[in-house]
Amino acid sequence: MIVSKKERNGMRNVIIGVVAIMGMCSTSFAQILSRGDLFGPGALPPTVGVELGLGLHREQGNFQAICECTFEDGKGSGLLAALTFNLPLDYEWSIGLKAGIDFKSFATTADVVDVTSIRYEQNDSVAQGRIRYQRNGDIAATYFTVAPAVKYQFFRGGPFVQAAAGISFLMSSKFTHTRELTSTSAELLDPSGNPTGQVITDVTFQKTGTREETLEDGEIANIKGLRLGILLTGGYDIPVSDKAILSPMLTYDFPLSTVRDDMAQDWKISTLLLSVGLKYLLD
């Protein structure tokens, strides 16, 4: 292949530009890794920063509402917003503290076949019938969380792992319990509970006159004010300037304490958190 002089000069300029950019990145990265010697030559200086994340929540165990119906296997999402501080002890180890607001929420549903009293408005008579509906539980809890942490940094930069104790204080909670008819037909039963073969239509809940009604809507009764957990994190530090580091992270929040004890069976909330931290070097 024959390359003209003009093309050779263009290729040379491109190569020089790429080498220059790589040199600038290397210099920036080297500046970050070599800055600060609070606990050892070349160790990073302390950092402060912010962390924002999306939590994917999962209900463990179950609990009963006032109606003594059970809610379990709930799933949902929520947000985390926190401030962070990190203090290196040497090249690899550092200690830190995270404090912020953790919004946890999840929903759970169950299909129910129930025997209930059915009232005829025409003659105000009552019969027993079998209805089908879906029970919905929406649960939310907001915590102020403090998490002292220990971090291990690989290769003086890049990947890291971290373990923290999650100490969470309840700020607010809410539980909404609704049920919705999945069929407006009801199968009538005789006094012994056996099907009569008769089916009535246009069935609604007496309280609302519609296919849906709310049974509970308020704070979670007897919820604990303190929640404890272990936060296990894997992440990667990416220098974005000579004083700033961007850190994508994946954290599992393993619950140690239950949300509520009475009318509950080991009821806990676990979280898989996808977050990004932006840290600023204090030198």
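What follows draws every value from the coordinates through simple rules; no lab data is involved. A quick note: this is a predicted structure, and the numbers were derived from the prediction, not measured. Cβ sites come from the backbone with ideal geometry, for glycine too, and all protein chains shown count toward neighbours.
What the table shows:
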| item | result |
| --- | --- |
| Projected label distance in nm at residue 167 and residue 257, using a 7 Å step from Cα toward the beta-carbon | 1.0 |
| Cross-link partners of residue 75 among lysines (Cα-Cα below 17 Å; sequence separation of 8 or more within a chain) | 104, 174, 268 |
| Rounded FRET efficiency, nearest 0.05, which uses the C-beta distance separating residue 174 from residue 121 and R0 of 35 Å | 0.50 |
| For residue 261, residues with placed amide H under 5 Å, excluding near neighbours | none |
| Straight-distance crosslink candidates among aspartates and glutamates, where the alpha carbon sits under 12 Å from residue 243 and sequence neighbours closer than 8 are dropped | 283 |
| Convex hull per residue volume in Å³, alpha carbons only, for the stretch 138-251 | 235 |
| Separation of alpha-carbon centers, the stretch 229-262 and the stretch 58-127, rounded to whole Å | 20 |
| All aspartates and glutamates inside 13 Å of residue 98 as judged from Cα atoms, apart from same-chain residues fewer than 8 positions distant | 51 |
| Spin-label model distance (nm) - residue 113 vs residue 155, 7 Å beyond Cα toward Cβ | 5.9 |
| Efficiency of FRET from Cβ geometry, residue 240 and residue 85, R₀ 22 Å, rounded to 0.05 | 0.70 |
| Net charge contributed by nearby residues that have their C-beta within less than 13 Å of residue 210 (K/R +1, D/E -1) | -1 |
